[in-house]
Amino acid sequence: MMIKIFLLSILPIIIGALTSRKLTTNSNKKLMSESTTLTEPILKSLTNRIAKSLDLPEIPVRIYEVKSFNGLATSDGQIFLTRGALDDFYNGKVTAEELSSIIAHELGHVALGHSKRRMVDFSMQNALRIILSLAFGRLIPAIGTYVANFLTSLLAAKLSRNDEYEADAYAAALLIKSGIGTGAQISLLKKLELLGGDGSPTQQWLMSHPKTSERILAIENLRKEWEEVT
């Protein structure tokens, strides 16, 4: 009996870890193979200012060749903007400063360990999903798996929203330090509904990102606190 309980507890974690590692490796390879180095001069000058504020020689940014508007960071610290985001800059929908706020946000995920921790979170969530499915499957066979998936998704969304607030705060501090300021960060967030970032009908407590209005309020409150200190 003890062996069975041990296997049911440990095997999902091992399976989740192996699955997460394989997915992450494949995803990173895909991103690198389908992206090119950022060369846009205006945006490069802003990333150089951010790099200087961090005492770094440069911040390599790559352009991922997809049409959606997004930014992302990998577990090994690579920063990406999508081609859609850069096209929106060329089309005048967003400014270079607004795109630099995305880069600062993604740097926050890297610096705060979110990108690496997501591998662990994914493994634990897979393990939890399997364990809950087995447990609820016995109690309510017809819908046990659905209940387990729902609870796991709820936890994942909560963890992701916390990460977004932390990355926003890091980006705000970095943008202020580099002389760019939080204005572009806030103005971009206000545009997200039009750019596809916050228009989902999904209930708030299942969204992976907090509400745009709440993110803006948090940034404004931080800025006020820092202004009072200085």
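Confirm whether N70 is within 22 Å of G183 (Cβ to Cβ) and at pLDDT 95 or above. Give the derivation first.
Values: within 22 Å of G183 (Cβ to Cβ): yes; at pLDDT 95 or above: no.
No.
So which residues in segment 68-83 are in contact with a Gly (Cβ under 9 Å, 6 or more places away or on another chain) and either buried (at least 20 other Cβ atoms within 10 Å of the Cβ) or outside any loop (DSSP other than H, G, I, E, B) (or both)? Full working, then the answer.
Our first condition is that a residue be in contact with a Gly (Cβ under 9 Å, 6 or more places away or on another chain); within segment 68-83, this holds for 68-70, 73, 79-82.
Passing the criteria: F69, A73, I79, F80, L81, T82.
Only residues in segment 53-64 that are in a helix (DSSP H, G or I) count as the first member; pair them with residues that are open to solvent by 30 Å² or more (accessible area, probe 1.4 Å) and of a type in the set (D, E, K, R), Cβ under 7 angstrom, at least 6 apart or cross-chain, and list the lot.
Filtered contacts from segment 53-64: S53/K177.
List the helices (runs of 4 or more DSSP H) inside segment 95-194, counting only whole elements, that have at least 1 residues being closer than 25 Å to N48 by Cα and modelled with pLDDT under 60.
Values: elements: 96-111, 114-139, 144-177.
Qualifying helices (runs of 4 or more DSSP H): none found.
Filter segment 30-53 down to the residues that are modelled with pLDDT under 95, open to solvent by 40 Å² or more (accessible area, probe 1.4 Å) and under 21 Å from A111 (Cα atoms) and list them by number.
The answer is M32, and nothing else.
The values are calculated or read from the model by the stated rules, or taken from the named source; none is laboratory data. Not measured: the values here are computed from a predicted model. We place every Cβ from the backbone using ideal geometry, glycine too, and count neighbours over all the protein chains shown. All accessible areas refer to the heavy atoms of the entire protein, side chains included, with ligands and DNA or RNA removed. Shrake-Rupley method; radii C 1.70, N 1.55, O 1.52, S 1.80 Å.
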